[in-house]
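Asks: My structure is below; once you've seen it, I'll send some questions.
Rule-based calculations on the coordinates, nothing more; no lab input. These figures come from a predicted structure and were not determined experimentally. Backbone-built Cβ (ideal geometry, glycine too); neighbour counts: all protein chains shown.
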Amino acid sequence: MTDPPEMDAARVALLDEIVREAAETAAWTGRAHLAPRVLQAMARVPRHRFVARQQRRFAYDNRPLPIGYGQTISQPYIVAMMTDLLDLAPMDRVLEIGTGSGYQSAVLAELVFAVFSVEQHPKLAAGARERLAELGYAGVEVRVGDGNRGWPEAAPFDAILVTAAAPDFPPALEEQLASGGRLVIPVGPSGGAQTLWRCVRNPDTTISRERVLPVAFVPLLPGV
Ligand code: SAH
């Protein structure tokens, strides 16, 4: 399948908007400029391939879109910012909770060799797996399960990204962080005031947590 040329123009315009929004939110995030590698990854991943045909013309709008089963593909600016906050190096092992469409997984796979992603909904997981394979993202492993439990067999991780709002910091995820590992996670009630946090596991195993930004995510479901 070839991609229509108007998608390219839309993708460039979206990148400009992400750069602008990062500058505007710098007072919160402390990151006025996203890493060039992160912007390149955002430029490379075809977001229109991760949404249904009816949503394609909105694929390069800077907003979340429905992906079925009551779930959404996150806003591109948020995907870029969360990815930037992970400070990824190519050899990092990354865990994502909430595969959804697989879009965020693809962005991560542009930056590191090994991405592990957990999705609670079997149909979303199957769709993401298929899409990622079609697009050649061989470095992503998708598993159906409860993300609150992480992926103990593949731990420890240099970075963990949660793409749904947790009521609190899931202990298993903090435990599965390597020393120096980063956890980026939205915490707060469903439909209420949520905050994006960046946490780091210190060499003495304590966790430092920093607030980043007010956000709105679908809920991380309990015990699925
Ligand atoms: N990263 C996704 C966004 C997904 S929205 C993307 O780029 O498209 C959040 C996802 O988290 C949804 O797909 C939802 O089904 C999933 N989810 C919610 N609770 C979960 C849980 N406890 N374990 C694993 N996945 C969960």
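Asks: Quick check on the exposure proxy: order VAL184, VAL107 from fewest to most C-beta atoms within 10 angstrom. List each step's numbers first, then the result.
Replies: Details: VAL184 21, VAL107 24.
Least crowded to most crowded, the residues run VAL184, VAL107.
Asks: What percent of all Cα-Cα pairs in segment 178-224 falls into each 5 Å bin, going from 0 up to the bin containing the maximum distance?
Replies: 5, 23, 21, 19, 18, 11, 3, 0
Asks: Take the Cα atoms of segment 3-125, find their three principal axes, and give me the spread along each one in whole Å, biggest first.
Replies: 37, 34, 26
Asks: Roughly what % of DSSP beta bridges within segment 52-209 run antiparallel, to the nearest 5?
Replies: In segment 52-209, DSSP labels about 40 percent of beta bridges as antiparallel.
Asks: In Å, the Kirkwood hydrodynamic radius of segment 66-153 over pairs of distinct alpha carbons?
Replies: After inverting the pairwise mean of 1/r, the radius is 13.0 Å.
Asks: For segment 124-224, just the Cα atoms, rotate onto the principal axes and tell me the three extents in Å, largest first.
Replies: Sorted largest first, the three principal extents are 38, 34, 24 Å.
Asks: Tell me, how many Å apart are the Cα centres for segment 79-131 and for segment 147-200?
Replies: Each part's Cα centre sits 13 Å from the other's.
Asks: What number does the chain give for Rg over Rh if you use C-alpha atoms and the Kirkwood radius?
Replies: Ratio of gyration radius to Kirkwood radius for the chain: 0.93.
Asks: Can you give the three extents of the C-alpha atoms in segment 49-97 along their principal axes, from longest to shortest, in whole Å?
Replies: For segment 49-97, the Cα extents along the three principal axes come out at 37, 20, 17 Å.
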